[in-house]
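Reviewing the structure listed below.
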C-alpha cells in the first residue's frame, strides 16, 4: 500500500465524536472521581482483615480469556482498523443520531417505545461504568476499599478486575444498543 492509500484509509476510519455523548461520559467519570475521593478522604485508619475467597481471580481470568477470543474473532473478521473504531463507537455522532432517530420515531411508530424501554438498561450501564471507573481511581487507594475486592487485596488487582468488568459490560451494552436503535437517517 502506498502513502496515498494509507492516508485515504486513515481518513475513512476517523471517528467523529458526539459532544453531548462525550460530555455525559466525561461528567460521569469526573463525578466518580470526586465520589471516590470522598470515600478515600473518609477512610478508616484501622485496616480491615482480608477474607479468603473474595478475590475472584479465576472467574476474571476466564472472562479475560473469553474476551480475548471474541476480540480475536472481531479482528480477523473486520480488520484491525475497523475493530479499533468499535471502541469509541458509543460516543460517536452516528450513535447520537441513531438514539435521536429512535426517540423521535416513537410518536410515528409507538412500537419503537418497546425498543427504547429495552435500551434503557444498556444506556444506564454506559453512563454508570465511567462513574464506577472514576470511583476506583481514588477510592482504591484506601486499602480497606480493595482488601476484599474481586481483584484484591491490591490496588492494581482490584483495578484490573473492575476495569475488565466495566469493559465487558460496556461492550455488551453497546452491542445491545446496536441491535435495538433504529438506523441513523
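The values are calculated or read from the model by the stated rules, or taken from the named source; none is laboratory data. As the structure is a prediction and not an experimental result, all values here were calculated from the model. Here Cβ is always computed from backbone atoms with ideal geometry, including for glycine, and neighbour counts include all displayed protein chains.
Within segment 127-142, does at least one residue satisfy the condition of being within 28 Å of residue 89 (Cα to Cα), within 14 Å of the chain's Cα centre (by Cα), at pLDDT 95 or above and surrounded by fewer than 18 Cβ atoms within 10 Å (Cβ to Cβ)? Among the residues of segment 127-142, at least one is within 28 Å of residue 89 (Cα to Cα), within 14 Å of the chain's Cα centre (by Cα), at pLDDT 95 or above and surrounded by fewer than 18 Cβ atoms within 10 Å (Cβ to Cβ), which makes the answer yes.
State whether one or more residues within segment 35-50 are under 30 Å from residue 117 (Cα atoms), at pLDDT 95 or above and assigned to a helix (DSSP H, G or I). Yes, that holds for at least one residue.
Consider segment 77-99 and keep the residues that are part of a loop (DSSP other than H, G, I, E, B) and free of Cβ contacts under 8 Å to residues at least 60 places away in the same chain. The one that is nearest to residue 183 (Cα to Cα) is 87. Here residue 103 qualifies as touching a helix residue (DSSP H, G or I) at 6+ places or on another chain (Cβ under 9 Å), farther than 25 Å from residue 149 by Cβ and without any contact (Cβ under 8 Å) to a residue 60 or more places away in the chain.
When segment 104-126 is examined, which residues are found to be surrounded by fewer than 16 Cβ atoms within 10 Å (Cβ to Cβ) and assigned to a helix (DSSP H, G or I)? Answer for segment 104-126, where residues must be surrounded by fewer than 16 Cβ atoms within 10 Å (Cβ to Cβ) and assigned to a helix (DSSP H, G or I): 104, 113, 114, 117, 118, 120, 121, 124. The single residue among 44, 18, 55 that is touching a helix residue (DSSP H, G or I) at 6+ places or on another chain (Cβ under 8 Å), touching a residue at least 60 places away in the same chain (Cβ under 8 Å) and exposed (fewer than 11 other Cβ atoms within 10 Å of the Cβ) turns out to be 44.
With the structure loaded, tell me whether residue 60 is under 19 Å from the mean Cα position of the chain (by Cα), over 27 Å from residue 119 (Cβ atoms) and surrounded by 12 or more Cβ atoms within 10 Å (Cβ to Cβ) or whether it fails that test. Yes. Entry remark, segment 149-162: residues being in contact with a helix residue (DSSP H, G or I) (Cβ under 7 Å, 6 or more places away or on another chain) and under 11 Å from residue 64 (Cα atoms) number 1 in total.
The set of residues from segment 129-185 being more than 25 Å from residue 96 (Cα to Cα) and not in a helix (DSSP H, G or I) comprises 140, 141, 142, 147, 148, 149, 150, 151, 152, 153, 154. Does residue 100 meet the test of being within 19 Å of residue 174 (Cβ to Cβ) and modelled with pLDDT of 85 or more? Yes, satisfied.
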